[in-house]
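Read the structure below first, then the notes.
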Amino acid sequence: MLPKLLPNQKVFVEITNPVHGGEGWKFGTCLWSPQKDNGGAAAWKLMEEINPGDIIIHFLKLRIREYFLYGFSIADSKLIKTNDRPPNPGKWDKGPYQRINLGEFKELNTPVSVKEIFDAHRKELIKILDVVEQRQFYVLDKNDLLKMQQAYIVACENSLYVLLNKYFAANETGAQEVDVIYKVKADNKIVVEETEETENEPTPSDIAPPGKKDAKVSRFIRDTKLSRTLKKKHQWKCQVCGEHILLPSKNLYAEGHHIQPLGNKHNGLDVKGNILIVCPNHHAEFDYGSIAINPGTMKIEHVDETNRWHGKKLAYNRADIDKMFLEYHYEMIFKKL
Ligand SMILES: [Zn+2]
């Protein structure tokens, strides 16, 4: 849920891309722009009106021409003029720069495609556009289509805030929070009770087994967050085939695969280097040992040598994959078959 608005608290919308300036200037940590708009209109003059405590709603361009409602944060500072330069300023390569620090960044569990919002609320959105002079995050183009606003920061009208909150309430962490369920034994040893990596999971209270005195079932949010963060970072694309699943909601779907499986048999770790992003098919194939990444060649090997991915390179590799885990999977799970 978005925070309940306090008197004098204002809401702004950031429309941006995942690069966002690079290290130290990353998405979710700050808002920033050059101090002067060399193009003419002072599009980000609005940043001067942002005060600590104001709410920032983030829209992110995750695919070409496709924006997603992504999360929100709270302004932590007023506008700061600075001589520092973002490492990756993109087309804003002329400083000096200004920034607003952000805090309490919260991401939606499943980002919502703006198309979905436009389709579901066209009439309401047009109405808001009609009565309010302030720029909104969308415009109506000459073909009568709702389009994202080409601006970095815009104000958010109250009725729009209420509407967006519906999406926050429905897509937030909670019901879809957890990938892995652990059982914590009396001696504090953690074993994997069960793995669930679908996006439609019961809430923790639904799955807690009743009446187990010596064990406590916990769900490690941190684990899921890691997998989710990776999936988002790589736009839900399978590392083997490059495919992702587009859900009817227009959201994307992929799964996080622990290369060396978690749990007391394999004792893999829940770390970045041990998580591959895969489609459900390839996830199952890795789990069953039908497919592997050869840690020497970094090529895909399949038990079925006629399989279309056998001998191919990954759709994309990640520098943060740890070969140690690939070796484990290759030797212990794949070769064993
Ligand atoms: Zn795949």
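For Ile293, indicate whether it is closer than 25 Å to Gln235 by Cα and surrounded by 14 or more Cβ atoms within 10 Å (Cβ to Cβ).
yes
Counting residues that are closer than 18 Å to Arg228 by Cα, which strands (runs of 3 or more DSSP E) fully inside segment 247-306 reach at least 1? Can you show your working first?
Numbers: elements: 255-258, 275-278, 291-293, 300-302.
Where strands (runs of 3 or more DSSP E) fall fully within segment 247-306 and carry at least 1 residues being closer than 18 Å to Arg228 by Cα, they are 255-258, 275-278.
Restricting attention to segment 257-280, does a residue exist that is near the ligand (Cβ under 9 Å from one of its atoms), among the small types (Gly, Ala, Ser) and assigned by TED's automatic domain parsing to the domain that holds Tyr328?
Checked segment 257-280: no residue is near the ligand (Cβ under 9 Å from one of its atoms), among the small types (Gly, Ala, Ser) and assigned by TED's automatic domain parsing to the domain that holds Tyr328.
Here is a list: Ile80, Ile117, Ile50. Which entry is among the β-branched types (Val, Ile, Thr), surrounded by fewer than 20 Cβ atoms within 10 Å (Cβ to Cβ) and either assigned by TED's automatic domain parsing to the domain that holds Ala151 or closer than 23 Å to Arg135 by Cβ (or both)?
One residue alone meets the criteria, Ile80.
Residues being of a type in the set (Lys, Arg), surrounded by 15 or more Cβ atoms within 10 Å (Cβ to Cβ) and at pLDDT below 85: count how many of those fall in segment 246-280.
The total comes to 1.
Let me confirm something: among Gly289, Gly242, which residue is over 30 Å from Arg63 (Cβ atoms) and modelled with pLDDT of 85 or more?
Gly289
Does at least one position in segment 302-312 carry a residue that is outside the structural domain of Arg63 (by TED's automatic domain parsing), within 10 Å of the ligand (Cβ to nearest atom) and modelled with pLDDT of 85 or more?
yes
Among the listed residues Gly273, Gly268, Gly242, Gly289, identify the single one that is in contact (Cβ under 8 Å) with a residue 12 or more places away in the chain, under 16 Å from Tyr316 (Cα atoms) and touching a helix residue (DSSP H, G or I) at 6+ places or on another chain (Cβ under 9 Å).
Selected residue: Gly273, the only one of Gly273, Gly268, Gly242, Gly289 that is in contact (Cβ under 8 Å) with a residue 12 or more places away in the chain, under 16 Å from Tyr316 (Cα atoms) and touching a helix residue (DSSP H, G or I) at 6+ places or on another chain (Cβ under 9 Å).
The values are calculated or read from the model by the stated rules, or taken from the named source; none is laboratory data. Bear in mind the structure is a predicted one, so any value in this text is a computation, not a measurement. Counting neighbours? That spans all protein chains shown, and the Cβs are built from the backbone with ideal geometry, glycine included.
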